[in-house]
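To start, the structure itself, in structure tokens.
The values are calculated or read from the model by the stated rules, or taken from the named source; none is laboratory data. Since the structure is predicted, the reported quantities are computational estimates derived from the model, not experimental observations. Here the Cβ is made from the backbone with ideal geometry for all residues, glycine too, and neighbour counts use every protein chain on show. Quick note on the areas: whole protein, heavy atoms, side chains included, nothing else; ligands and nucleic acids left out. Shrake-Rupley method; radii C 1.70, N 1.55, O 1.52, S 1.80 Å.
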Amino acid sequence: MREIPGRVYQAAPGFEDHLEAELARPLQRWGPLYYVTEPPEHQVFWQQNTWLRPFLVEFDSISQAARTLRDIQRNWRPVLHTQFRRASLIASQLPPISNKPRTFPWLLPDAPLGVWTLLDAHTLAGSAACSSPFPAGVINFAEDREGPPSRAYLKLWESLVRCRRWPRSGERCLDAGASPGGWTWALARLGAQVIACDRAPLERRILDIPGPDGQPAVTYLKHDAFTLSLAELGKLDWIFCDAACYPSRLYEWVEKLLAAGICENFVCTLKMQGEGDHETTRRFAEIPGGMVVHLYHNKHELTWIKTAPLPCQS
Ligand SMILES: C[S@@+](CC[C@H](N)C(=O)[O-])C[C@H]1O[C@@H](n2cnc3c(N)ncnc32)[C@H](O)[C@@H]1O
């Protein structure tokens, strides 16, 4: 096993051009994977997973390749673009990792998850450490096809699993840009008190979801979320925003919210148009304690997540 300099980026499917625009040249492409020896100094956003410490293994036999991976750690997921038959033989000699859709809420395990690919019949590339906590950046949830009025709740679930916490029963949440109500539905199901703000209406049944005390869990405000009075909102445990707006408008609002100190936990979607707003994305990424990611369930958008520090575990 030989470590190699640089990083390998796995493109978010459909956004290969965005990733290529972010990466310095020269780059080598292995299917969905892009290897660069000199990673850019700025954060790379349009990736599903980044290999943080790539290595190469030259091997003679299937069992030798599998043993090399097993000796490093238990969990590995292949990302294949060639040598499929040979790769499946190697994979069959590695401990299985579940592909089952996850039921939300689900606490991420701590065990590291590596990825690997074959470059040719005798060369394996891999990384034991990755940026995504999900196998090769993929997370599938057991979906609810009846409760929520849209599938947007999947990106909310993914964000919350990623930050290893979610609103607890009774916590006050603002859902800005809430219509038709997918995120609000997901929050109300956790027992949270949700203020759902949108100029468009929520689906009626979302307003009827009961809270833990039997009273409605959701209060609907027909309003521009960005001009809500912060004094009237008062202290909030979480602020969520999936509003269809320019990232720069969202940033102005978030700056005000942070300055007012009314909330510590945020999940906001940065909706992009065309090539995206790099300037604002970087400004979001620079907010201390936060991160900007392309979720598996994001489309032409990124997600800014910032939560209060987790209490120290003894
Ligand atoms: C993608 S939809 C939100 C979907 C929602 N998260 C769900 O799970 O069903 C975007 C919403 O943002 C709302 N929106 C856009 N600008 C807004 C603003 N300034 N204030 C409130 N809502 C806004 C739109 O009316 C639209 O309903």
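With respect to SER229, is the statement that it is at pLDDT below 95 and either over 23 Å from the mean Cα position of the chain (by Cα) or of a type outside the set (Gly, Ala, Ser) (or both) true? When the stated conditions are applied, SER229 does not pass them. Starting from region 33-61, take each residue that is free of Cβ contacts under 8 Å to residues at least 24 places away in the same chain and under 16 Å from ALA128 (Cα atoms) and list its partners that are part of a loop (DSSP other than H, G, I, E, B) and open to solvent by less than 10 Å² (accessible area, probe 1.4 Å), counting only C-beta distances under 9 angstrom and pairs at least six apart or across chains. No pair meets every condition. Checking each residue in region 141-170 for being acidic (Asp, Glu) and open to solvent by 30 Å² or more (accessible area, probe 1.4 Å) picks out GLU143, ASP144, GLU146.
For region 227-240, the criterion of being open to solvent by 30 Å² or more (accessible area, probe 1.4 Å) and either under 23 Å from SER150 (Cβ atoms) or of a type in the set (Val, Ile, Thr) (or both) is met by at least one residue. Beta carbons closer than 7 Å, at least 6 apart along the sequence or on distinct chains, pair a first residue in region 292-314 that is part of a strand (DSSP E or B) and at pLDDT 95 or above with a second that is small (Gly, Ala, Ser) and surrounded by fewer than 19 Cβ atoms within 10 Å (Cβ to Cβ) for VAL292/ALA285; TRP304/GLY290; ILE305/GLY290; LYS306/GLY289; LYS306/GLY290. Could you please find all residues in region 266-279 being open to solvent by less than 30 Å² (accessible area, probe 1.4 Å), in contact with an Asp or Glu (Cβ under 7 Å, 6 or more places away or on another chain) and closer than 19 Å to GLY182 by Cβ? Matches in region 266-279: THR269, LEU270. Residues in region 7-24 that are in a strand (DSSP E or B) and of a type outside the set (Val, Ile, Thr) were compared, and the one that is farthest from THR281 (Cα to Cα) is ARG7.
Between ASP224, ASP277, the distinction of being within 12 Å of the ligand (Cβ to nearest atom), without any contact (Cβ under 8 Å) to a residue 40 or more places away in the chain and over 21 Å from ALA186 (Cβ atoms) belongs to ASP224 only. When ALA186 is tested against (1) modelled with pLDDT under 95; (2) within 16 Å of the ligand (Cβ to nearest atom), only condition (1) is not met.
Checking each residue in region 39-58 for being over 20 Å from the mean Cα position of the chain (by Cα) and either surrounded by 21 or more Cβ atoms within 10 Å (Cβ to Cβ) or under 23 Å from MET291 (Cβ atoms) (or both) picks out PRO39, PRO40, GLU41, ARG53, PRO54. Return yes or no: is ALA136 away from the ligand (no atom under 16 Å from the Cβ), at positive phi and either modelled with pLDDT of 95 or more or open to solvent by less than 10 Å² (accessible area, probe 1.4 Å) (or both)? So ALA136 passes the test.
Of all residues in region 198-220, one or more are charged (D, E, K, R) and either closer than 11 Å to GLY177 by Cβ or open to solvent by less than 30 Å² (accessible area, probe 1.4 Å) (or both).
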